[in-house]
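Heads up: the structure comes next, in C-alpha cells.
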Amino acid sequence: MTAQPRVLSGIQPTADSFHIGNVLGALNQWADLQSQADCFYAVVDLHAITVAHDPAVLHQRTLTSYAQLLAVGLDSEKSTIFVQSQVPEHAQLQWVLGCITGMGEASRMTQFKDKSSKEGSGAASVGLFTYPILQAADILLYAADEVPVGEDQRQHLELSRDLAERFNTRFGQTFVVPKTRVIKGAAKILDLQDPTSKMSKSLPAGCVFLLDDPKVIAKKIKTAVTDSDMEIRYDLVNKPGVSNLLTILSAFSDLSVEECERELAGKGYGDLKGRTAEVVLAYAEQYSTRTREFLADRAELERIMLDGATKARAVAAPMLAKVYERLGFVHA
Ligand code: TRP
C-alpha cells in the first residue's frame with residue numbers, strides 16, 4: 001500500500017464571510033481531496049496582519065472562517081484543520097527561510113508589487129514583503145507533496161519550491177519539494193458586476209458572500225451584468241456575464257452547463273438570474289445554518305481548533321527540530 005500524498009493549503013480570515021468563488025474555486029476541492037490525501041488546511045491568521053487590521057475583527061473572522069471550513073465539509077477527524085498562529089513553528093521556520101531568500105528574489109513577487117502599490121510605496125509593511133516566505137514555511141513544515149491553490153498563487157509556490165531545493169542543497173535533504181496543483185475546471189467564478197475579472201472580496205458589489213442576508217445575495221445576482229443580446233448560451237469570450245451565471249447555476253444545481261442551457265432555452269435573462277438566485281440561496285441557507293451551529297458552541301469550536309493545532313504541531317515540531325539541527329543550532 002502506498003501512503004497517501006500529503007496536501008496542504010491555507011485561506012486568510014480577512015472577510016466576514018467566504019464568497020461563492022472561494023467555495024466553488026477552492027474549498028469544495030479541499031473537501032473532495034480528503035478522501036484521497038492526508039490533508040492539512042490552515043486559517044492563516046499570521047498572513048492576515050500583513051496589512052492594517054482591527055484585532056476584534058480578526059478574532060471574530062478567525063472563528064467564523066474556521067466554522068465555515070467545517071460547514072463546507074472539511075472533517076476534523078479525517079484532516080488536520082488548524083489556525084496558523086496556534087502553531088509557533090510557522091513563524092520560526094519563516095525566519096530561517098527568510099535567511100536563504102534573496103532580496104532580489106523576494107522583490108520580484110508580483111502580488112507584493114500589486115498590493116504595495118495600492119498602499120502607496122513605502123507604506124507597505126515588511127511583513128507584506130515577506131508574506132511569500134511565511135507561505136513557504138506553511139508548506140515545507142508539513143512536507144506537503146501537493147498544494148491546491150488558485151492560478152494567482154503560482155509564483156508563491158515557485159518560491160516555496162526554490163527555497164526547499166536551496167535548503168536541501170546547502171544543508172542536506174530535509175524538505176519535500178511541493179507540487180503546485182492549480183485548481184482547474186468550471187469553477188472559476190467571475191465578478192457579477194465586471195465579469196472580466198475574478199470574483200473577489202475586494203470588489204464587494206459583484207461578490208456573493210454566503211453569510212450575507214439572503215435579500216442582499218438575491219439582489220446581487222438579479223443585478224448581475226449580462227449583455228445586450230438575449231441568448232442564454234455558454235460563451236466565455238463573448239458572453240462572460242451569462243457564462244458566469246451558467247457556471248454558478250450548474251455548480252449549485254448538480255446539472256452540467258449544457259443541461260442548464262437546455263433547461264433555459266428560449267427563456268430570458270430574468271429567468272436565468274431567478275434560477276441562479278434560487279439555487280445559490282438554497283445553498284447559502286444550509287451553509288449559514290451549519291456555520292452558525294458551529295459558532296454557537298464556542299467551547300466545542302475552540303476544542304476542535306486546539307485539537308487541530310496539536311495534530312499540526314506533531315508534524316511541524318519534528319520538522320523544525322531537524323531544520324535547526326541541519327543549521328548547526330545547539331540543541332535546547
Ligand atoms: N497566499 C494564499 C492565498 O492568498 C494563502 C496561503 C497562505 C496559502 N499560506 C498558504 C495557500 C499555504 C497555500 C499554502 O490564497
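Of everything listed in (1) buried (at least 20 other Cβ atoms within 10 Å of the Cβ); (2) modelled with pLDDT under 95, the single unmet condition for Ser9 is (2).
To keep it simple, each residue is scored yes or no on (1) touching a residue at least 60 places away in the same chain (Cβ under 8 Å); (2) out of contact with any Phe, Trp or Tyr (no Cβ under 9 Å at 6 or more places or on another chain); (3) within 12 Å of the ligand (Cβ to nearest atom); (4) β-branched (Val, Ile, Thr).
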{"residue": "Arg108", "(1), (2), (3), (4)": "no, yes, no, no"}
{"residue": "Phe112", "(1), (2), (3), (4)": "no, no, yes, no"}
{"residue": "Gly120", "(1), (2), (3), (4)": "no, yes, no, no"}
{"residue": "Tyr131", "(1), (2), (3), (4)": "yes, no, yes, no"}
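Residue by residue, here is whether (1) under 17 Å from the mean Cα position of the chain (by Cα); (2) free of Cβ contacts under 8 Å to residues at least 12 places away in the same chain holds:
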{"position": "Glu105", "(1), (2)": "no, no"}
{"position": "Ser117", "(1), (2)": "no, yes"}
{"position": "Ala136", "(1), (2)": "yes, no"}
{"position": "Arg166", "(1), (2)": "no, no"}
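The criterion of at least 2 residues that are within 25 Å of Cys39 (Cα to Cα) and polar (S, T, N, Q) is met by the following helices (runs of 4 or more DSSP H) wholly inside segment 239-322: 269-296.
For segment 186-200, residues that are open to solvent by 60 Å² or more (accessible area, probe 1.4 Å) and modelled with pLDDT under 95 total 4.
Taking the options Lys311, Lys273, Lys267, name whichever one is open to solvent by 80 Å² or more (accessible area, probe 1.4 Å), on the phi < 0 side of the Ramachandran plot and not hydrophobic (A, V, I, L, M, F, W, C). When all the criteria are applied, what remains is Lys267.
For segment 139-153, a residue qualifies if it is in a helix (DSSP H, G or I), more than 7 Å from the ligand (Cβ to nearest atom) and surrounded by 22 or more Cβ atoms within 10 Å (Cβ to Cβ), and exactly one does: Leu140.
Taking the criterion of being open to solvent by 30 Å² or more (accessible area, probe 1.4 Å) and under 20 Å from Gly308 (Cβ atoms), the only residue of segment 15-27 that qualifies is Asn22.
Exactly one residue out of Thr289, Thr310, Thr247 is in the same structural domain as Glu89 (by TED's automatic domain parsing) and among the polar types (S, T, N, Q), and it is Thr310. Of the numbered criteria (1) more than 10 Å from the ligand (Cβ to nearest atom); (2) surrounded by 18 or more Cβ atoms within 10 Å (Cβ to Cβ); (3) not β-branched (Val, Ile, Thr), the one Ala136 fails is (1).
The values are calculated or read from the model by the stated rules, or taken from the named source; none is laboratory data. Note that the structure is predicted; figures quoted are calculated from it, not measured. Glycine gets a Cβ as well: all are built from the backbone with ideal geometry, and neighbour counts include every protein chain shown. For the accessible areas, the whole protein counts, side chains as well, though only heavy atoms, and no ligand, DNA or RNA atoms are used. Shrake-Rupley method; radii C 1.70, N 1.55, O 1.52, S 1.80 Å.
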